[in-house]
1. Alpha carbons only, please: Rg and Dmax for the range 357-443, in angstrom.
2. Take the alpha carbon gyration tensor of the range 222-442, find the square roots of its eigenvalues, order them as a ≥ b ≥ c, and report rounded if a/c is under 1.5; if not, report prolate when a/b exceeds b/c, else oblate.
3. Tell me the Kirkwood hydrodynamic radius of the range 397-443 in angstroms, computed as one over the mean inverse distance between distinct C-alpha pairs.
4. Highest mean first, how do 62-74, 314-326, 383-395 rank when packing is the count of other Cβ atoms within 10 Å averaged over residues?
5. With 28 Å as the limit, write out which pairs from Lys164/Lys304; Lys184/Lys350; Lys257/Lys304; Lys285/Lys350; Lys62/Lys184; Lys3/Lys62 have Cα-Cα distances beyond it, or answer none.
6. Label-point separation (nm) for Asp437 and Ala392, each offset 7 Å from Cα along Cα-to-Cβ?
7. Let's test the formula: R0 of 41 Å, r as the Cβ-Cβ distance of Ala166 and Met340. What FRET efficiency results, to the nearest 0.05?
8. Subtract the Cα-Cα distance of Lys69 and Ala2 from 0.36 nm times their separation in residues, and report this length gain in nm to one decimal.
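Computed from the coordinates by the stated procedures, all read-outs in this text should not be read as laboratory data. As the structure is a computational prediction, the values presented were derived from the model and not from experiment. Counting neighbours? That spans all protein chains shown, and the Cβs are built from the backbone with ideal geometry, glycine included.
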Amino acid sequence: MAKIQLLVPDIGDFDSVDVIEVLIQEGDQIQLDDSVLTLESDKATMEVPATYAGKVSNLQVKVGDKVAKGTYICDLEVAEASEAATPVIEKAVAQAPKQDTTSVEAEVTPKLHEQTHASNVGLPIASSVANTPKPVNRQSSGAVHHATPAVRAFARVLGVELTKVAGTGSKGRILKSDIEAFVKSVMQSGSTAAVTGGSGIPAVPIIDFAQFGAIEEIELSRIKKISGKHLATAWLNIPHVTQFDECDITDLEQFRKDMKTQAEKAGVKLTPLVFIMKAVVAGLKAFPNFNASLSPDGQKLIRKSYFNIGIAVDTPNGLVVPVVRDVDQKSIFELSRDLMELSAKARDGKLSPKDLSGGCFSISSLGGIGGTQFTPIVNAPEVAIMGVSKAAMQPVWDGAAFQPRLIMPFSVSYDHRVIDGAEGVRFTQFVGQHLADIRQLLL
């Protein structure tokens, strides 16, 4: 046995190229022309083939290194008979016609392989390895993935982990069609294990908290498990924007108090929320993009001609969002009755699937608890949600003096694929104006 140094051959007009894959490890028995490294420039991906067959030792290159022609890769322990075999890969590269750098991967490398085999055909080493191809892109050998930059970018957009995809290209390379086929198979199977929602988000590290002190494990409620998954999906898939605003509800509050006796006679409790629902419906009619959903392929907007409003309800087991239907067709007292009934069913855990479906827009009100502003998460497949905070008395300048006014802060989060910033602020201003002067709700 003899040792031969394996060097990076002539790789064209590149003098410092990133190593993105190391396809060998010490102890590997490789064959002539087996790929040992994958290099990536700003324009192309290139494979470095072995110029000898032998056993790998003293590996000196790792992912992230920069290499050039002549960079020492490793030692190869070769049979004595192969010592006479001269490395012809550099000669083949020199003879190969110069290509645009963007086509190096597609055209130069296969030609190098073909020419190398042709010029080595009379050597014992060539005949001994002709029928023993070695698979490349082995994850156990440190290879990250075996794909071009364009395919990597495509996989990142779709949130696909390349380690889960089987490549059908030359020498196991992952093609765009492989990514598409993988996503299709995942969608058909209903699995999301290898699709991370669009950006390959790393997992949170697992920590043994008991090492720091006493702990207690409490099982999440069924509602929190279900809603948590839904919220995470919505947050990852919807580009959220939140518009903050406030409105003067002094007159609205006075009207609500004036109607208290009449409401009690009707057997309902009149809250600010019913007026907010009416103002929101007026906003949905004026800005129909808020009363819509994106088609599954994201190419069409599905506008709705009905007005069902989801209301977030805090229950002992977690947050649920029952839906009040046909808000545009009901009176303030009718809406109050619906809210009372749905809230009671939610707290008792008696909501039906129908009670939780068909919403067009959601409202999450924390006004009865406190806080100033918050950013609610869009309740997909809806495209917007309103968050209501606690109103507070504030001095407001009327042009001559400061007057005490009841100011309610609120926010609207929306899907930026459907609604832009200008439309978002026009919507909040419109709703705020209708709450400030509830007479407009009669128009």
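1. Just the Cα atoms of the range 357-443 yield Rg and Dmax of 14.9, 50 Å.
2. Taking the square roots of the gyration eigenvalues as a ≥ b ≥ c, the range 222-442 is oblate.
3. 13.0
4. By packing density, highest mean first, the sequence is 383-395, 314-326, 62-74.
5. Violating the 28 Å limit, Cα to Cα: Lys164/Lys304; Lys184/Lys350; Lys257/Lys304; Lys285/Lys350; Lys62/Lys184.
6. 2.8
7. For R0 = 41 Å, the calculated efficiency reads 0.15.
8. That pair, Lys69 and Ala2, stretches by 21.8 nm at full extension.
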